[in-house]
Structures are given as C-alpha cells and as structure tokens.
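Remarks on the structure that follows.
Any read-out appearing in this document is the output of simple, stated calculations on the displayed coordinates, not a laboratory observation. Fair warning: this is a prediction, and the values are worked out from it, not measured in the lab. Backbone-built Cβ (ideal geometry, glycine too); neighbour counts: all protein chains shown.
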Amino acid sequence: MSKAVSTGVNAVTAADVAAAAERIADDIERTPVADSHTLSAVAGADIVVKFENLQFTASFKDRGAANKLRQLTDDERSCGVIALSAGNHAQGVAYHAGRLGIPATIVMPTSAPFAKVANTEALGADVVQAGATFAEAAETADRLAVERGLTWVHPYDDPAVIAGQGTVGIELLDDLDDLDAILVPVGGGGLIAGIATWVKAHRPHVEIVGVQTETYPGMVAALDGRDLAPSKADTIADGIAVKQPGSLTVPIVRDLVDDVIAVAETTIERSISLFLEIEKTVAEGAGAAGLAALLEHPDRWRGKRVALVLTGGNIDTRVLASVLLREMAHSGRITSLRIAVSDTPGQLAPLVAAIASAGANVVEIEHRRLFDPISARATNIDVMLETRDRRHAERVVEAIEAKGYRVVHSDMG
C-alpha cells in the first residue's frame, strides 16, 4: 500500500479540518453527544459520549472517506479508487464511493470474515480477495492500483482522511463548552491526529489522550522510538489492531496529543458490556477503548468532564454474545458449580429446590457419571446458574450446603 511521506511539518491544519466539515456536511451524520450519568457514577468522571457508531456504516471512517473522495479530480473519479481493508474503512469507502458514482475496489485477504465481504459488496464495491495475510493482500492491491490507474484511499495516513476524521473535534467543541479531556481510540492515528489538530487550535487546555489495546500498542511504541514486535495475537479491538501507525499521523500526535496509553483486553470487554447495558448502544472493541481507559485510571480523571469518542459499533454478533456472557461470569452473574451427590433416585429434585429457594435460576445442568474419579455409586452434577452478583452466588452455595449437599468446585468469576 502506498504510504505518505512525512515532511517534518504537520500535514493537516485547523483550516483543513474546517474545510472538510463544510465539504462533507451533506455526506455524514452529525452524531449526538450525550451525558451518561450512570457511566459517570461507575468511572468517577463526568462522562459524555460521542456516538460515532450512528454513522451510516456505524463508524467514524465515513468522515475521512467522504472528504478524500470529494476532492478527487474528474480523471481520478472516472478511473476509480482502491483501498486495502477488511473492516470499517472498507465499508466507509464503498458506501461513499457508491453515493458519488465512483468505482471502488476493495482488496481483502482471503481470511476476511464472510459478513464483511458481503457487506462491502452490498455497498457496491468490487471486492478482491487475495493472499492469506494483509501483507500478501497489499501486494495485490499495489498491482491493481498501477494496472488500473486507481487512486489510493488510505485508512489513516492521508491529509484528506485525517482532516475528515478531525470533524469529530469540531462537533465536540461546538456541543460542549466545559470540556476537560477527550479520550480517543488509536490505531493508525488518523482520528486522534485530526481531532487534536482542531481542538488544540481552539481550546489548547483540553487534554487529548489516545487509547490503544495492550495487544497492539503501535502508537505508544512509535512515540517511544521503538519498533513494535510482530504480533499475531487475537484482540477484541481489531479496529485499532495496527502494527505501524502513519508517517503523517505520528508527528501530529507527538506534537499535539498529551498522552497515549494502552489498556487490557479484559477491560475493553467490560466496557463493551457497560455500553450495551447502560447506554443501550453497541460498541465494537475499538470503540470501547476510551471507557476502558477511564475504568483503569479512575483517579486521573476523577471529577473531570471527559468526552469518550465511541468510534464504531461493528462487532460480530457471536463475539458480542461471548463478551456479554464472559462479563456476566466475571461479575458473578453466571456461576458454575459442581455438586457431589449419591447416584440414587430423588437426589436432583431437592437440590433444584434449594437453588430455587435461594433465588437463583438454573441455566444448564448435567450429570457427570462416567469420567470423574468418583465412586460408581456417586455422581457429580454440574450446574450453571444465573445469580444477581457474586455475594448472591455465595448465598446460593450456602443454601445448597445447608441441605446436606457438598459443593466440590465453584467458579463465581
């Protein structure tokens, strides 16, 4: 993929961001900003959320794609554009290219999820799958760009894309007078570079902090002058799983952003769950990174007015279900017990009655007679229960044991 070359001077100005806002006003949603009193109570800060998951493609990527495409020459429009992506950038480019009548080719590795391929094709793009990895797919994309005369739309390392993403900052300052900090998920750095360009030009006292997953701290490493070690680790925050941030974005971030931190995968998972349970909104892993930072560092922003940029809501439904169930387990709302009983008729009914009397709900139940090292006259019963919290789960165990049963193993998160 072609990369921009840093000139040593920040590639985007506040004037560029303002021009982008005017240019794409009819192309994107002016997403709402809302106070979250419950999240504020959980995290200890005065939280407002910027809902970029309400863009048409459910991601802030619409902004940069629209601004880039709006500035193409007539020849570039007629030849078409190309992008390398299996995520939000692919859908943003496909959607806005389709709206503007620009042919779009999106190259994805063969490992790209079927749903993302189908969604991008449905938006009108020509999807080319090539190579098992992004590096291999990039070789195909470079070749197609040359052969077909296509214009690259880079996901973050392009001045037009950065300026488009920066329009988030304009809306935040327009909507919020009393803002102390903005927490921004960071992958390649296009979004935070654009936001910082605008915000620091108009309210330099507002703290801007980038948030990455500990699995892919590419921007943290770049700011420290280190190369990020190759990683093939899985992450819930695939939208910010970028190994190498941009040559244009890193200087802007170094110049204008106050800090970039990394958070744990488990905290991101908890944040996804909190967004759904409290705000009734779907956040993908990358989109929940800002809230994760608040949860891990409550003292840093305690009592301050903090804006969280919820960057996107494109998360696989199976993954979302897994995250929610895992969070229920971690918080003690799903409890697993193994109970030893005599393998004789009538043992199960009083056990279930004891569980019911303690106010728990049986989710799953299984007899284990064959593989456990127990007497042939005994059996273990594995029970998965829904409970209110960890203390309630403990009371359920007490109620079971009060009836004479022996709990041989418990997992309460």
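Restricting to bridges with both residues inside the chain, how much of the DSSP beta-bridge set is antiparallel, in percent to the nearest 5? Among the beta bridges of the chain, antiparallel pairing accounts for roughly 45 percent. Restricted to Cα atoms, segment 70-110 shows a radius of gyration and a Dmax of 10.2, 32 angstrom. Put in line by how crowded their Cβ is, counting other Cβ atoms within 10 Å and starting with the fewest, Phe275, Phe134 read Phe134, Phe275. Its residue count N fixes a reference of 2.2 N^0.38 Å for segment 331-411, and the Cα radius of gyration divided by that reference is 1.03.
Here segment 151-282 is treated as a sphere whose radius is the Kirkwood value from Cα pairs; by Stokes-Einstein at 4 °C and 1.567 mPa s it diffuses with a coefficient of 84 µm²/s. Pick out, from Ala20, Ala376, Leu84, the residue whose Cα sits farthest towards the positive end of the charge dipole of the chain, with +1 on the Cβ of Lys and Arg and -1 on the Cβ of Asp and Glu. The one lying farthest along the dipole's positive direction is Ala376.
Of the peptides 314-322, 104-112, 54-62, the order by per-residue mean of other Cβ atoms within 10 Å, starting with the highest, comes out as 54-62, 104-112, 314-322.
Each of Lys50, Lys232, Lys116 was scored by other Cβ atoms within 10 Å of its Cβ. Listed from fewest to most, they are Lys232, Lys116, Lys50.
Note on segment 81-149: Cα-only Rg and Dmax are 10.9, 31 Å. Computed packing ranks the peptides 12-23, 159-170 as 159-170, 12-23, most packed first, by mean other Cβ atoms within 10 Å.
The fraction of Cα-Cα pairs per 5 angstrom bin, counted from 0 for segment 243-304, comes to 4, 17, 20, 19, 19, 13, 7, 1 percent, rounded to whole percents. Classify the chain: rounded, prolate or oblate, from the alpha-carbon gyration tensor (a ≥ b ≥ c, eigenvalue square roots; a/c under 1.5 rounded; otherwise prolate if a/b is larger than b/c)? Here the chain falls in the prolate category. Electrostatic tally near Gly359: other residues with Cβ closer than 11 Å to its Cβ, Lys and Arg +1, Asp and Glu -1, net +1.
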